[in-house]
Structure formats: C-alpha cells, structure tokens
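Here the structure is laid out as structure tokens; the discussion comes afterwards.
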Amino acid sequence: MAGKTEFTFTQLLADLKKQIYYPVYLLHGDEPYFIDVISDYIEQNVLSDLEKEFNQTILYGKDSNVSTIISYAKRFPMMANYQVLLVKEAQELDKIEDFLPYVEKPLSSTILVLCYKYGKLDKRKALYKAIEKQGVGFESPRLYDNKIPDWIHEYVQNQNYKISPKAAILLTEFLGTDLGKIVNEIQKLLINIPPGSEIDELSIEKNIGISKDYNVFELQKALAQKDIVKANRIILYFASNLRENPLVKIIPILSSYFSKVLAYHYLPDKSRNSVAAALSIKPFFVTDYQQAARSFPARKVIRIISLLREYDMKSKGVDSNAIYASDGELMKELIFKILH
C-alpha cells in the first residue's frame, strides 16, 4: 500500500487500530511522547503473544548498524502474516541513508519501525522521499507552551473525564511541556477520582501535590489585582519551597503573562472573543488580562518585562551584585518592584 504525504498522530493511530499497516514507519521529531505511543502500540498489538516469540525484534541504534537491521528486515515471518522490527534510538545509527535500497523495495511482510527521537530526518533527502512513497513519515513536533493546556483538556476528555481550565493551567505550570510526565501524573490522578468526573484544582492539590492557592497562576492573579498581601504570601511560600518553585521556572511564566498584558493594551478590538483569539487564551481568562491592564499601564508593563529580564540574569549569576543573593531574596525584590 502506497504511503501518504503526511500523517497526523490521530490518523496514524486510527489506521493501526484498523490493522492498516505499512512496510516502513519513520517516527521522528522533537516530541518523544507521540513517537513512544505509536511504537508502543505497534509493539503491543500487531502480533499475538505467540507470534511475537518468533516474529518481533527490538534493536537499538547505538548497539546496531544499518546492514544488520536490513538483514533482519529481509527475513520472512514464521507462522504469522508479519514480522515486526522496531529500531529504537534510530537517531544513533551511523549512515542511516544506507537504508535507501531496502526502503525502495521493502518486504511487504515486514513492518520496520524507525524511532528517530529529538531530531528530524531531512525531508529533502532521497531516503525520506522513499519512506513517504513506500510507508509512513510521521513528524512529532514539540508543542508550544500555550498549546499544552488544550492538549491536556483533549487527553483527559479522551479518557472520559473532564478538567477545568484552571486545573489544566496548574498542571502546565507545575509539570512544564514534558507530555510523558504530564500523562504519568494524570494517570495517577485518575486512579483516585470517580470515572466521568471533573478534575479541578482541589483534586490536583490532593493527588499531585500542586497547591491550589500557592502557584504561579494565583501569583499572576494577585499581581493583576495589586493584592500586595496575597502576592507576598505566595512569594514567601515559593521561597520556602524553592525546589518546586525555582526562580528560573517562575520568570518565564511571568514574562509570557506580562507580554500578553502588553499586547492587550494595543489591541484595537478588546471584545472578549477577539482578545482570547489574539492572546491565544481561553475566553474564561480574559477578565484577568483586563484587570491587569487596568492595574498596569503599558509603560509600567514595559518596565516589568525589563525587570523580569534583569532578574532572570541575576538568578543565573550574570549580575555580579546578585551572585550571593538567594532565589528567595531575588523573588521578594522582584515582586516588590513589580507592585511599586
């Protein structure tokens, strides 16, 4: 069966579930999660347990070479329709372009899966074009930070649960962009809540340990409202829990937030839906940006963004006057200057 030009993650998984297989799969890109899900599905589901014993082989790029892998690929299956050959860490292979002669005429009974993580095969090369023609070239892109909450919402929905917008933001802020880590935490959380229910901030605090009251989301809200007492209370909590709340993690989030506040100031259309689209946020959060814009004029926001850059440098020891200042002290200084 001839390959398609492009496959999405959803389309590729749907084909596999329909037992539509291709002789060659290239799974490449900067996001390992989607590569792992697809390769794990092939490993676990294409062959029965009995068939796997003779017809499933897993090799690693750092311990193998192209000629050896091709010799495996040219074998015929024993008492099965297919043999599955998974090559993990294919990015470690030397002279990967040597696959070209095999890929141009692959064995139809072999399913060769190349897991090429943290990078991409050059789409201009003959090997990639041959893979596209004979099989599947799937690129797994890294998601931007602002896309993670929506991805969490979709993932949770596919598990037949719901999640509040604020809870999705909390998970993103606490866990970052590592989708594998996010999925692991969500799966642990789902064990402890009834099927079909909604994940909210309280369930996250109870099961994952992210405080619903002391987090960057609440800090942003306190700053937007110029609630000095609440902002200082949160910063004191951060300062006493620096392992979970390092300054290098907090500053980029605040920088992104205030950059959007600045953008809000210059939007010609400040209606709810227009703001949400322009800032790439849920309409639910528009009121927070409206409040922040009232509290901080554009000139002050520009000054805050400059302060965040300055304290980012200080936290990394670039400013000689701040070398001996702790993250906690720098946090307190920074929040004081933002609020005054």
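Being in a loop (DSSP other than H, G, I, E, B) and either among the charged types (D, E, K, R) or surrounded by fewer than 14 Cβ atoms within 10 Å (Cβ to Cβ) (or both) is true for just one of GLN19, GLN11, GLN44. Which residue is that?
Working: GLN11 fails: in a loop (DSSP other than H, G, I, E, B); GLN44 fails: in a loop (DSSP other than H, G, I, E, B).
Within the list GLN19, GLN11, GLN44, the selection yields GLN19.
Here's the yes/no breakdown for (1) of a type in the set (D, E, K, R); (2) farther than 17 Å from ALA292 by Cβ:
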position	(1), (2)
LYS230	yes, no
ILE235	no, yes
ILE250	no, no
ILE253	no, no
SER256	no, no
VAL261	no, no
HIS265	no, no
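On the given criteria, is VAL275 farther than 19 Å from THR172 by Cα, free of Cβ contacts under 8 Å to residues at least 40 places away in the same chain and either under 30 Å from the mean Cα position of the chain (by Cα) or outside the structural domain of GLY176 (by TED's automatic domain parsing) (or both)? Even if it seems obvious, please write down each step before you answer.
Numbers: farther than 19 Å from THR172 by Cα: yes; free of Cβ contacts under 8 Å to residues at least 40 places away in the same chain: yes; either under 30 Å from the mean Cα position of the chain (by Cα) or outside the structural domain of GLY176 (by TED's automatic domain parsing) (or both): yes.
In short, yes.
Suppose we keep only residues that are of a type in the set (Phe, Trp, Tyr) and under 22 Å from LEU279 (Cβ atoms) within segment 237-263. Which one would you say is nearest to the chain's Cα centre (by Cα)? Don't jump to the end; show me each part of the working.
So the first thing to find is which residues in segment 237-263 are of a type in the set (Phe, Trp, Tyr), and the list is 237-238, 257-258.
When the remaining residues are screened for being under 22 Å from LEU279 (Cβ atoms), the result is 257-258.
On the way: TYR257: 19, PHE258: 22 Å.
The qualifying residue nearest to the chain's Cα centre (by Cα) is TYR257.
For the condition in the same structural domain as GLU43 (by TED's automatic domain parsing) and crowded, with 21+ Cβ neighbours inside 10 Å, what is the one hit in LEU114, LEU170? Working first, answer last.
Details: LEU170 fails: in the same structural domain as GLU43 (by TED's automatic domain parsing).
Only one candidate passes the filter, namely LEU114.
Spot the failing condition for TRP151; the list is (1) aromatic (Phe, Trp, Tyr); (2) in contact (Cβ under 8 Å) with a residue 60 or more places away in the chain; (3) outside the structural domain of LYS62 (by TED's automatic domain parsing), and only one is missed.
Checking TRP151 against (1) aromatic (Phe, Trp, Tyr); (2) in contact (Cβ under 8 Å) with a residue 60 or more places away in the chain; (3) outside the structural domain of LYS62 (by TED's automatic domain parsing), the one that fails is (2).
Of all residues in segment 265-312, which are at pLDDT below 90 and among the basic types (Lys, Arg)?
If the condition is that a residue be at pLDDT below 90 and among the basic types (Lys, Arg), then LYS282 is the only one that fits.
I'd like the full set of residues that are of a type outside the set (A, V, I, L, M, F, W, C) and closer than 17 Å to VAL66 by Cα, limited to segment 126-140. Write out each step before concluding.
Within segment 126-140, the first condition is being of a type outside the set (A, V, I, L, M, F, W, C), and the residues that meet it are 128-129, 132-135, 137, 139-140.
If the condition is that a residue be of a type outside the set (A, V, I, L, M, F, W, C) and closer than 17 Å to VAL66 by Cα, then TYR128 is the only one that fits.
Give me the residue from segment 193-205 that is touching a residue at least 12 places away in the same chain (Cβ under 8 Å) and surrounded by 14 or more Cβ atoms within 10 Å (Cβ to Cβ) and, out of that set, farthest from ALA167 (Cα to Cα).
Quick first cut of segment 193-205, residues touching a residue at least 12 places away in the same chain (Cβ under 8 Å) only: 193, 195-201, 203-204.
Right, trim to surrounded by 14 or more Cβ atoms within 10 Å (Cβ to Cβ) and you get 193, 199-201, 203-204.
Details: ILE193: 14, ILE199: 7, ASP200: 5, GLU201: 5, SER203: 9, ILE204: 7 Å.
It comes out as ILE193.
Return yes or no: is PHE99 at pLDDT 95 or above and within 30 Å of LEU143 (Cα to Cα)?
Working: at pLDDT 95 or above: yes; within 30 Å of LEU143 (Cα to Cα): yes.
Yes.
Taking segment 92-106, which residues are touching a residue at least 40 places away in the same chain (Cβ under 8 Å) and over 23 Å from TYR21 (Cβ atoms)? So that I can check it myself, show each step before the final result.
First, the residues of segment 92-106 that are touching a residue at least 40 places away in the same chain (Cβ under 8 Å): 103, 106.
Residues satisfying the conditions do not exist here.
The values are calculated or read from the model by the stated rules, or taken from the named source; none is laboratory data. Predicted, not measured: the structure shown is a model, and the values here were computed from it. Here the Cβ is made from the backbone with ideal geometry for all residues, glycine too, and neighbour counts use every protein chain on show.
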